[in-house]
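Notes follow once the structure below has been shown.
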Amino acid sequence: CFCPGGASHNLAGENLVTVIDTLSFLSGCDSSGGDEPVHRSAKPWANVCTLAFQNLKLILDDFLEPMASSSESPLKSTETRDAILDCCVAFGRSRHDVNTSLTATGMLWSLADRASSPGTTDVVLSKLAFLAMDDRPELRNCSVNTLFSCVVGLGDQFTEEQWKKCLSDTIFGIMSGIACAMDESDNKKTNGNGGAGEERYKVAVHHSRDSARKQWGNTMMNVLRGLERVLRLFFSRLLETTLEEPWFLQTWKEILRVSFDCAVLTGERETLDMRLAGVELMTLCSQLSSKAGIVATGASARVGTNMEVVGGALRSVRAAVEEKFQKVEKASVSNQPELDSSRQELFELAFDKLSDFRVHLEHNSEEENEEPSHFMIDTLLTQVLTKLTGELAKLYECCKNYEMQPVHCDLQLDISVKNNDSCESRFLHLLLVTANNAGNDKSSRYLNQVQRGVMSLLQVMASNSSLRAFDALATIAGDYMFVKPRALSCKSNSDDGDNDFGEIFELEAAKMIASSFDSNDLSNEAKVVVMCSVLLQYCKIYGNSDDLKRKDEGQRKTSEARYDIITSVIDSGLEAAANIDSNTDDKVILDSVWDRIITTVSSLLLPPVENRYEGYAHHSKSILNIVAIALSHLPARKLSLAEPMLENGANRAVAVAFECNEKIQDDGDVPYLQAAEGAIHVFLACFMGLCQKSPTCPAVVNLTNQILGETIESEETLSENAGLQAKTRQSLAIAVCESLRTTTSQDLLVGVFPLLCRMTNVENDGLRRAAGKILASMNLSEAISRERQRAEQADTR
């Protein structure tokens, strides 16, 4: 009788209500008010239920849809509306066909959208909340998702009272009911229909959802995800409600409590989804309530397409949520101070909850140290912490310019920051506790996801000029910044290369310090402070000063040192120091910075006596690079301090080179032949630095006369040692010639002119060519003219 164009158009008022009530009776829902309810589980009743539902769909799609916008729409009647909604609920509770139940649940949202009055919306949400407590997991999950889709779609039309009822009563009511159901349920396996037992209705389930408790946990996870959607879209609207009545403050506390309780759940695989959702919701609250807001993360809001299937076709059901949301933001500008105060209060509550989670992790770590957990439990915790580090990275993007903005960095000789109650300090504490709970398996060749996430976030913080992050990285790195992994790792083998250890947590921290210096956001002051701190730690390990050496540990062998990380830090740090030096008149702290770099280079050039051969043998090229970097940035006023450093370094290198020649065979770990070659490279670095920066200093003339003079006057002998000594003298002489070619001082070249002329007569072809190149580059006529003028001026005086 409900064919299009037929008698259905005569339905109205009580007649329509009667038809709807009849269809509800035929739905198969055992909810009759009689003393002896009729059982409709037989197959004939299933066919009746299917036909009845088809008629309900026909009424809603072909009869009510054309009249939805009319003033005579039956949905305007409260009695008719309630009857239709009750009918949909009846079919939702029907157990004859799961598709019928799910479709009937979706029809509630469609009805709410057609007649989106506050009364209709409230009733629909209450009906969906009722279905959300059904014992069938697929139906209640569908009801939960439909409820939040309805809130997301219609939330821009909600009044403040509706929001309060929706969050405090409806959503939290569902959460409370789920929590009770989980407490009452057990982990015994159940069939697919939620334990109802009917053979007509069966659904296959995964083993991770094969118990009532697991299925209720999945529903709770859907509620948490839905709550995230609502907060992402309507946080600003909800924030405005705090101006009138502080109900949202209590709601906010309840959201944080629920999310924290889910995040700290204990159990096996069935709790993982709830824990992940709890962590995400807990950190989302901090992101939303931060001053920059979640927009700072660059994450797009999770919204629908605003389309719905009606009568087999897609149609638009509402305007875009984002447009109306922007209007809410504009409307709040006039009350900005009050809103900022409320936002700050919400942020502090959310951030405090993250601190509570940190305390939970600390207790968890202590318990694991006492009694190691099962492998599965560790795996689940790793997944939770991986989610946490990802969400914390988003939170830092929201807060890095406001709540977690690093303190202004002043020039100083070491990182000096105190842990306090600031957001940055507490955030860093949470990160370090997270890393501690992630484990540090020394036998693993790779970092786990948690460690990698923590390292990445610490690098981002360091690149933002956070001295706390640099200090944390330096503390984690320890000696790995200066010492080869082979000398520190418990799995070391003397025959293994340094690249055979894979990724080491401490070593990765050291590398992060160096890579952070490449950031354009890192201030020059921060670079200088971090460089000074790194140099201080180096001097404690390999320095010559007794005041800086560590008292608690023995001296490290120079052969164990590594210089790739410290070289990168020195290069960027000295460039930053030079930039500051050229733009300021206050040189007090900067002079101390330059003094420290000179002290560090001196420790490289003048290693302890017991380690001097190893340093030249293994690290001569690194020393050469560091000396060149230091000299290229050193200001002119500090060259007087560099002269004795370079002179002593050159003299030590010459002495070591000749000492190594006296040791015919390599002794243990010290390759003396390689050490002699390395000493010559170090001499070249020092002497060339003197020629370029201080060509008129006495050390240049003295070393030139000594080395070139001894080379010219030396006579060959038949002994093997004498042959090595002669070869060393020739190498040193060539190094002197190469250095002299780089000087701009013609006076220096004129002073050594006689020696160069004598070198052109030696038998060694290499020495003759080296001297000839210098003589060819000299402007003798200009030099003679200049000396003649000087003589005339002297005679005149």
Mind telling me which of the residues G543, G554 ends up being modelled with pLDDT under 90, surrounded by fewer than 17 Cβ atoms within 10 Å (Cβ to Cβ) and more than 19 Å from L458 (Cα to Cα)?
G554
Hand me the list of helices (runs of 4 or more DSSP H) wholly inside region 53-164 holding 3 or more residues that are among the small types (G, A, S).
78-93, 98-114, 118-131, 137-154
Name the one entry in T120, T146 that is in contact with a Phe, Trp or Tyr (Cβ under 7 Å, 6 or more places away or on another chain) and either modelled with pLDDT under 95 or buried (at least 21 other Cβ atoms within 10 Å of the Cβ) (or both).
T146
Look at T742 and say whether it is among the β-branched types (V, I, T), open to solvent by less than 90 Å² (accessible area, probe 1.4 Å) and in contact (Cβ under 8 Å) with a residue 60 or more places away in the chain.
no
Among the residues of region 756-766, is any in contact with a helix residue (DSSP H, G or I) (Cβ under 8 Å, 6 or more places away or on another chain), at pLDDT 90 or above, closer than 25 Å to N661 by Cα and not β-branched (V, I, T)?
no
Against the conditions (1) at pLDDT below 90; (2) out of contact with any strand residue (DSSP E or B) (no Cβ under 9 Å at 6 or more places or on another chain), where does L51 fall short? Just the number, please.
(1)
The helices (runs of 4 or more DSSP H) lying entirely within region 245-336 that contain at least 3 residues which are modelled with pLDDT of 80 or more are 247-263, 272-289
Go through the residues of region 521-528 one by one and say whether even a single one is among the hydrophobic types (A, V, I, L, M, F, W, C), out of contact with any strand residue (DSSP E or B) (no Cβ under 9 Å at 6 or more places or on another chain), open to solvent by less than 40 Å² (accessible area, probe 1.4 Å) and not in a helix (DSSP H, G or I).
yes
Subset of region 612-634 (residues that are farther than 15 Å from R562 by Cβ and of a type outside the set (G, A, S)):
R612, Y613, Y616, L624, V627, I629, L631, H633, L634
Under 6 Å between Cβ atoms, which residue pairs at least 6 apart in sequence (or on different chains) link something in region 509-536 that is over 30 Å from N448 (Cβ atoms) with a partner that is acidic (D, E) and open to solvent by 10 Å² or more (accessible area, probe 1.4 Å)?
L536/D414
Those residues of region 591-621 that are within 19 Å of L536 (Cβ to Cβ) and assigned to a helix (DSSP H, G or I) come to a total of 15
Only residues that are within 18 Å of L639 (Cα to Cα), without any contact (Cβ under 8 Å) to a residue 60 or more places away in the chain and open to solvent by less than 20 Å² (accessible area, probe 1.4 Å): list them for region 575-597, please.
A577, D581, W594
Among the residues in region 170-192, are any at pLDDT 95 or above, under 31 Å from the mean Cα position of the chain (by Cα), among the small types (G, A, S) and open to solvent by less than 60 Å² (accessible area, probe 1.4 Å)?
no
Within region 268-288, work out how many residues are in contact with a Cys (Cβ under 9 Å, 6 or more places away or on another chain) and closer than 15 Å to C398 by Cα.
4
Given the criterion among the charged types (D, E, K, R), open to solvent by less than 70 Å² (accessible area, probe 1.4 Å), modelled with pLDDT of 90 or more and in a loop (DSSP other than H, G, I, E, B), identify the matching residue among E403, E397.
E403
Can you say whether A699 is crowded, with 21+ Cβ neighbours inside 10 Å, modelled with pLDDT of 90 or more and under 22 Å from I623 (Cβ atoms), as far as the supplied structure shows?
no
Would you pick out the residues in region 739-796 that are in contact with a Lys or Arg (Cβ under 9 Å, 6 or more places away or on another chain) and either of a type in the set (D, E, K, R) or part of a helix (DSSP H, G or I) (or both)?
R741, Q746, D747, V750, M759, A770, A771, K773, I774, S777
Positions within region 415-435 being polar (S, T, N, Q), surrounded by fewer than 17 Cβ atoms within 10 Å (Cβ to Cβ) and within 23 Å of N364 (Cα to Cα), in sequence order:
N419, S425
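The values are calculated or read from the model by the stated rules, or taken from the named source; none is laboratory data. Predicted, not measured: the structure shown is a model, and the values here were computed from it. FYI the Cβ positions are ideal-geometry reconstructions off the backbone, even for glycines, and counts take in every protein chain you see. These area figures cover heavy atoms from the full protein model, side chains too; ligands, DNA and RNA do not enter into them. Shrake-Rupley method; radii C 1.70, N 1.55, O 1.52, S 1.80 Å.
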